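This report concerns only the one structure given below.
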Amino acid sequence: MALGDILIEVTGVAKHFGEGPTRVDALREVDLTVRAGEVIALLGPSGSGKTTLLNVIGCILAPSAGRVVLDGEPVFDGKWLRRDLRRLRLDKIGFIFQAHNLLPFLTAEENVAVVLDLAGWPPDKGRARARELLEYLEVGHRAPAKPALLSGGEAQRVAIARALANRPRIILADEPTAALDSKRAGLVMDLLRKLATEQEACIVTVTHDEKIFDRFDRLIHLRDGRLADA
Amino acid sequence: MNLALKDIRHGLFRFVLTCFGLGLLMTVVLAMIGIYNGLVADALAIVKAPAADVWVVEAGTQGPFAEASSIPPDTRDAVARMPGVAAAGAITYQTLEASHAGRTLRVYAIGYELGRPGGPEQIAEGRGIATSHFELVADRKTGLLVGDTLRLGRDRYSVVGLVEDATNTGGDPAVYVTLADALSIQTKLDPAAARVQAARGAEPVKRPTVAAVIARMEPGADVGLLVATVRQWKHLGALTEAEQEELLLVSVVDKARRQIGLFLGILLTVSAVVIALIIYTMTMEKLKQIATLKLIGAPDRTIIGLIVQQALILGGSGWAIGLALILTVKDNFPRRVELEPFNAIVLAGIVFAVCLASSGLGVRAAMKVDPATALGG
Ligand SMILES: Nc1ncnc2c1ncn2[C@@H]1O[C@H](COP(=O)(O)OP(=O)(O)O)[C@@H](O)[C@H]1O
Ligand SMILES: [Mg+2]
């Protein structure tokens, strides 16, 4: 596969929580580059900094030091370089949640369409795109259902549809397959790969799930906040 | 996509119940305002009824409502001849108990001179008093109907007409009789008692007195001049209509008014706290969803809109339910409940402000929420 644009470029990123005796160094001197079309896994024992790194890339957490460039745009260099981080997330980043976190008061379709609504799409176009994505993820028949009525797998796919709705080029997922059986987990990963290729996006997934390790282009190991080459 | 409405629809039953609860609270608030107004209106109704410009009363008294006043009936002739006076009438007020339909009826009997100021202005049903004896016009609240008879003192009176909203400050409904009848009720004892008195050689009949003489002025005439003229008589005093109303508010209804006013203040405070609590809780329950919204990129404006719109819908429906309820039940209150559109608007303003302020609390909490909390699992 031809190498795509660099979508994520993390240089010298460190993050610590607390000070003095309670200080925890969650990330130390992390460098990471991810290109379009890549599907990579973040691995490591619990507490090794995987979620922290994902949050830094997702602009949810400010690093203590370092530089972050997303889709060619420098967003962090010692401090945030953009004030409207939410707009940045809306346009560039899709999150697939561990607990899928759909809004309980919206239907499956609305949960997807709300992202497009926020991004300024006309309502009918947003609905059509939401429909199309749900069909594509084979949950089109559940479009009018509220999240409480969806099975775990259905809810996860709706959440994926929501993450993809505004065609972000960076998709971040924290254990997206934890709640799924291995067959469904494999299907979700195939799907993510297909999307990465089609939309020229990159996918960074935290996972413990050895069954799906072979589906990734790269496995990145974290230990005590440092990248450890496998 | 309106998130506020979608969320309300999602938990509709609970939201409606909350609105209804708030509505009941608003009903009580409005009832209290209505009772307060009713108290003032009732108190002033009796003073305003004769449409007087000047009240001539006993010297040194603040009669005839705040204090007892008695002056000779012929004062009226003197007042009528004074400069600028268009019409004058002597008037009496007495609280009487009569029995009607098997129960004791407390009435506020107003005696006035036929064809002179002081009688009922607007007859709601039947007619005004036409003959000088044994007819009466009653307030509807007495429960009397046109054609009924009522025994007052030694005589039976027939009800010829009904009026509305004529009660004294204690809430007793008024009955109008002629001055002659009122004086005879006042002075004539029942026959047995009169015989005993006569046997003792007492003077058989007390000298009749009236409570006040009311005067209406000719257009443009000087009220101050009349008041000054009346005060030259050693035994008379005079009050203008405005003084009389002020006096009544200060002396008679002031305590009750302060009591209700204080209660109303407490109620409004309680309502404000309840509204704030409901809205704050509503927001706190949604913090995780708000974190999710932030994570997917919703701007503050969307989140503030969600909270503020729900708060305003809640407050607005509570207010509307309260208003609808009080308008439905207000005539079933034993005392007059009077609501002006102004009161409802002021309450709406207060509710609006409270809702905005308490959604401000919720908004503050929502703004502080870290989008990362949505990721936790
Ligand atoms: N908000 C926080 N405050 C303090 N310490 C934190 C916070 N978030 C994470 N940590 C600490 O940082 C380290 C890395 O956490 P995390 O990135 O969640 O690890 P992983 O996802 O690999 O299990 C852990 O020691 C954790 O306790
Ligand atoms: Mg984690």
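Go through the residues of the stretch A:32-42 one by one and say whether even a single one is within 13 Å of ligand 1 (Cβ to nearest atom), at pLDDT below 95 and under 26 Å from A:Lys194 (Cα atoms).
Yes: one or more hits.
Got a sec? Which helices (runs of 4 or more DSSP H) wholly within the stretch B:1-99 have at least 3 residues that are without any contact (Cβ under 8 Å) to a residue 12 or more places away in the chain?
Numbers: elements: B:3-10, B:12-48, B:75-80.
The qualifying helices (runs of 4 or more DSSP H) are B:3-10, B:12-48.
With the requirement that a residue be charged (D, E, K, R) and either under 19 Å from A:Lys15 (Cβ atoms) or crowded, with 19+ Cβ neighbours inside 10 Å (or both), what does the stretch A:73-100 give you?
In the first step, residues of the stretch A:73-100 are kept if they are charged (D, E, K, R); the result is A:73, A:77, A:79, A:82-84, A:86-87, A:89, A:91-92.
Within the stretch A:73-100, A:Asp77, A:Lys79, A:Arg82, A:Arg86, A:Arg89, A:Lys92 meet the criteria.
Among the residues of the stretch A:101-112, is any within 14 Å of ligand 1 (Cβ to nearest atom), at negative phi, over 19 Å from the mean Cα position of the chain (by Cα) and among the acidic types (Asp, Glu)? I'd like the intermediate steps shown before the answer.
First pass over the stretch A:101-112, keeping only residues within 14 Å of ligand 1 (Cβ to nearest atom): none.
Among the residues of the stretch A:101-112, not one is within 14 Å of ligand 1 (Cβ to nearest atom), at negative phi, over 19 Å from the mean Cα position of the chain (by Cα) and among the acidic types (Asp, Glu), which makes the answer no.
Going by the structure shown, is B:Asp165 touching a strand residue (DSSP E or B) at 6+ places or on another chain (Cβ under 9 Å), on the phi > 0 side of the Ramachandran plot and either at pLDDT 90 or above or open to solvent by 50 Å² or more (accessible area, probe 1.4 Å) (or both)?
So B:Asp165 passes the test.
Inside the stretch A:6-24, can you point out the residues that are part of a strand (DSSP E or B) and either away from ligand 2 (no atom under 16 Å from the Cβ) or out of contact with any strand residue (DSSP E or B) (no Cβ under 9 Å at 6 or more places or on another chain) (or both)?
The first filter runs over the stretch A:6-24 and keeps only residues part of a strand (DSSP E or B), leaving A:6-17, A:24.
Matches in the stretch A:6-24: A:Ile6, A:Leu7, A:Ile8, A:Glu9, A:Val10, A:Thr11, A:Gly12, A:Val13, A:Ala14, A:His16.
I'd like to check something: does the stretch B:31-51 contain any residue that is over 30 Å from B:Val329 (Cβ atoms) and either open to solvent by 10 Å² or more (accessible area, probe 1.4 Å) or not charged (D, E, K, R) (or both)?
Restricting attention to the stretch B:31-51, the residues satisfying the condition of being over 30 Å from B:Val329 (Cβ atoms) are B:50-51.
Add one more test, that the residue is either open to solvent by 10 Å² or more (accessible area, probe 1.4 Å) or not charged (D, E, K, R) (or both), and what stays is B:50-51.
Within the stretch B:31-51, one or more residues are over 30 Å from B:Val329 (Cβ atoms) and either open to solvent by 10 Å² or more (accessible area, probe 1.4 Å) or not charged (D, E, K, R) (or both).
Kindly evaluate A:Glu38 against the criterion of being away from ligand 2 (no atom under 16 Å from the Cβ), open to solvent by 20 Å² or more (accessible area, probe 1.4 Å) and under 14 Å from the mean Cα position of the chain (by Cα). Let's see the steps before the verdict.
Numbers: away from ligand 2 (no atom under 16 Å from the Cβ): yes; open to solvent by 20 Å² or more (accessible area, probe 1.4 Å): yes; under 14 Å from the mean Cα position of the chain (by Cα): yes.
So A:Glu38 passes the test.
Which one of the conditions (1) touching a helix residue (DSSP H, G or I) at 6+ places or on another chain (Cβ under 9 Å); (2) of a type outside the set (Val, Ile, Thr); (3) outside any strand (DSSP E or B) does B:Gly119 fail to meet, given that it meets all the rest?
Of (1) touching a helix residue (DSSP H, G or I) at 6+ places or on another chain (Cβ under 9 Å); (2) of a type outside the set (Val, Ile, Thr); (3) outside any strand (DSSP E or B), only one is false for B:Gly119: (1).
Just checking, how many residues over the stretch A:78-119 are within 11 Å of another protein chain (Cβ to nearest Cβ) and not in a helix (DSSP H, G or I)?
Initial filter on the stretch A:78-119 (within 11 Å of another protein chain (Cβ to nearest Cβ)): A:84-107, A:109-119.
Filter once more, so that each one left must be not in a helix (DSSP H, G or I): A:84, A:93-107, A:119.
Matching residues across the stretch A:78-119 total 17.
State all residues of the stretch A:176-230 that are among the acidic types (Asp, Glu) and surrounded by 14 or more Cβ atoms within 10 Å (Cβ to Cβ); if no residue qualifies, say none. Quick ask: steps written out before the conclusion?
So in the stretch A:176-230, the residues among the acidic types (Asp, Glu) come out as A:181, A:190, A:198, A:200, A:209-210, A:214, A:217, A:224, A:229.
A:Glu200, A:Asp209, A:Asp217, A:Asp224, listed by residue number.
Taking the condition away from every other protein chain (no Cβ under 14 Å), surrounded by fewer than 17 Cβ atoms within 10 Å (Cβ to Cβ), closer than 27 Å to A:Arg83 by Cβ and within 8 Å of ligand 1 (Cβ to nearest atom), does A:Gly47 pass? Show your work before the answer.
Numbers: away from every other protein chain (no Cβ under 14 Å): yes; surrounded by fewer than 17 Cβ atoms within 10 Å (Cβ to Cβ): yes; closer than 27 Å to A:Arg83 by Cβ: no; within 8 Å of ligand 1 (Cβ to nearest atom): yes.
Spelling it out, it is not the case that A:Gly47 is away from every other protein chain (no Cβ under 14 Å), surrounded by fewer than 17 Cβ atoms within 10 Å (Cβ to Cβ), closer than 27 Å to A:Arg83 by Cβ and within 8 Å of ligand 1 (Cβ to nearest atom).
Of all residues in the stretch B:1-30, which are away from chain A (no Cβ under 14 Å), of a type in the set (A, V, I, L, M, F, W, C), under 30 Å from B:Leu293 (Cβ atoms) and surrounded by fewer than 20 Cβ atoms within 10 Å (Cβ to Cβ)?
Pass one, the stretch B:1-30, residues away from chain A (no Cβ under 14 Å): B:16-30.
Restricting the remaining residues to those that are of a type in the set (A, V, I, L, M, F, W, C) gives B:16-17, B:19-20, B:22, B:24-26, B:28-30.
Within this subset, residues satisfying the condition of being under 30 Å from B:Leu293 (Cβ atoms) are B:16-17, B:19-20, B:22.
Answer for the stretch B:1-30, where residues must be away from chain A (no Cβ under 14 Å), of a type in the set (A, V, I, L, M, F, W, C), under 30 Å from B:Leu293 (Cβ atoms) and surrounded by fewer than 20 Cβ atoms within 10 Å (Cβ to Cβ): B:Val16, B:Leu17, B:Phe20.
Would you mind stating whether B:Glu246 is of a type outside the set (S, T, N, Q), touching a residue at least 12 places away in the same chain (Cβ under 8 Å) and not assigned by TED's automatic domain parsing to the domain that holds B:Ile350? If you could, list the steps in order and put the result at the bottom.
Working: of a type outside the set (S, T, N, Q): yes; touching a residue at least 12 places away in the same chain (Cβ under 8 Å): no; not assigned by TED's automatic domain parsing to the domain that holds B:Ile350: yes.
In short, no.
Any residue that is open to solvent by 20 Å² or more (accessible area, probe 1.4 Å), within 16 Å of ligand 2 (Cβ to nearest atom) and within 14 Å of another protein chain (Cβ to nearest Cβ) - is there at least one of those in the stretch A:62-72?
No, that holds for no residue.
Taking only the stretch B:336-377 into account, find how many residues are free of Cβ contacts under 8 Å to residues at least 60 places away in the same chain, in a helix (DSSP H, G or I) and either away from ligand 1 (no atom under 16 Å from the Cβ) or open to solvent by less than 70 Å² (accessible area, probe 1.4 Å) (or both).
First pass over the stretch B:336-377, keeping only residues free of Cβ contacts under 8 Å to residues at least 60 places away in the same chain: B:341-342, B:345-346, B:348-349, B:352-353, B:356, B:360, B:364, B:368, B:376-377.
Add one more test, that the residue is in a helix (DSSP H, G or I), and what stays is B:341-342, B:345-346, B:348-349, B:352-353, B:356, B:360, B:364, B:368.
Next, from what is left, pick out any that are either away from ligand 1 (no atom under 16 Å from the Cβ) or open to solvent by less than 70 Å² (accessible area, probe 1.4 Å) (or both): B:341-342, B:345-346, B:348-349, B:352-353, B:356, B:360, B:364.
Adding up the residues that qualify gives 11.
For the condition within 13 Å of chain A (Cβ to nearest Cβ) and within 30 Å of A:Leu85 (Cβ to Cβ), what is the one hit in B:Thr373, B:Thr281?
That would be B:Thr373, the only listed residue that is within 13 Å of chain A (Cβ to nearest Cβ) and within 30 Å of A:Leu85 (Cβ to Cβ).
Take the conditions in contact (Cβ under 8 Å) with a residue 40 or more places away in the chain, under 25 Å from B:Ile303 (Cβ atoms) and not in a helix (DSSP H, G or I) and apply them to A:Leu32. Does it pass? Explain how you work it out, then say what you get.
Numbers: in contact (Cβ under 8 Å) with a residue 40 or more places away in the chain: yes; under 25 Å from B:Ile303 (Cβ atoms): no; not in a helix (DSSP H, G or I): yes.
Here the answer is no, as A:Leu32 does not meet what is asked.
Go through the stretch A:176-209 and count every residue that is over 19 Å from A:Thr33 (Cβ atoms) and either within 16 Å of ligand 1 (Cβ to nearest atom) or of a type in the set (A, V, I, L, M, F, W, C) (or both).
15
Residues of the stretch B:132-165 being among the acidic types (Asp, Glu) and in a strand (DSSP E or B), which ones?
Restricting attention to the stretch B:132-165, the residues satisfying the condition of being among the acidic types (Asp, Glu) are B:135, B:139, B:148, B:155, B:164-165.
Residues satisfying the conditions are B:Glu135, B:Asp139, B:Asp155.
Could you check, for the stretch A:202-218, whether at least one of its residues is within 16 Å of ligand 2 (Cβ to nearest atom) and away from chain B (no Cβ under 14 Å)? Spell out the reasoning first.
Of all residues in the stretch A:202-218, those within 16 Å of ligand 2 (Cβ to nearest atom) come to A:204-209.
Checking the rest, the ones that are also away from chain B (no Cβ under 14 Å) come to A:209.
Checked against the condition, which is being within 16 Å of ligand 2 (Cβ to nearest atom) and away from chain B (no Cβ under 14 Å), the stretch A:202-218 yields at least one hit.
Which of the residues spanning the stretch A:185-221 are out of contact with any Ser or Thr (no Cβ under 7 Å at 6 or more places or on another chain), under 14 Å from A:Leu43 (Cα atoms) and assigned to a helix (DSSP H, G or I)?
Residues satisfying the conditions are A:Glu210, A:Phe213, A:Asp214, A:Arg215.
For every residue, the table says whether it meets (1) assigned by TED's automatic domain parsing to the domain that holds B:Thr95; (2) closer than 12 Å to B:Thr240 by Cα; (3) open to solvent by 10 Å² or more (accessible area, probe 1.4 Å).
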position	(1), (2), (3)
B:Gln62	no, yes, yes
B:Ala66	no, no, yes
B:Arg76	yes, no, yes
B:Met82	yes, no, yes
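The values are calculated or read from the model by the stated rules, or taken from the named source; none is laboratory data. Treat the numbers as computed from the prediction; the structure is a model and nothing was measured. Ideal geometry is used to build each Cβ from the backbone, glycine not excepted, and the neighbour counts take in all protein chains shown. Side chains included, ligands, DNA and RNA excluded: accessible areas come from the protein's heavy atoms. Shrake-Rupley method; radii C 1.70, N 1.55, O 1.52, S 1.80 Å.
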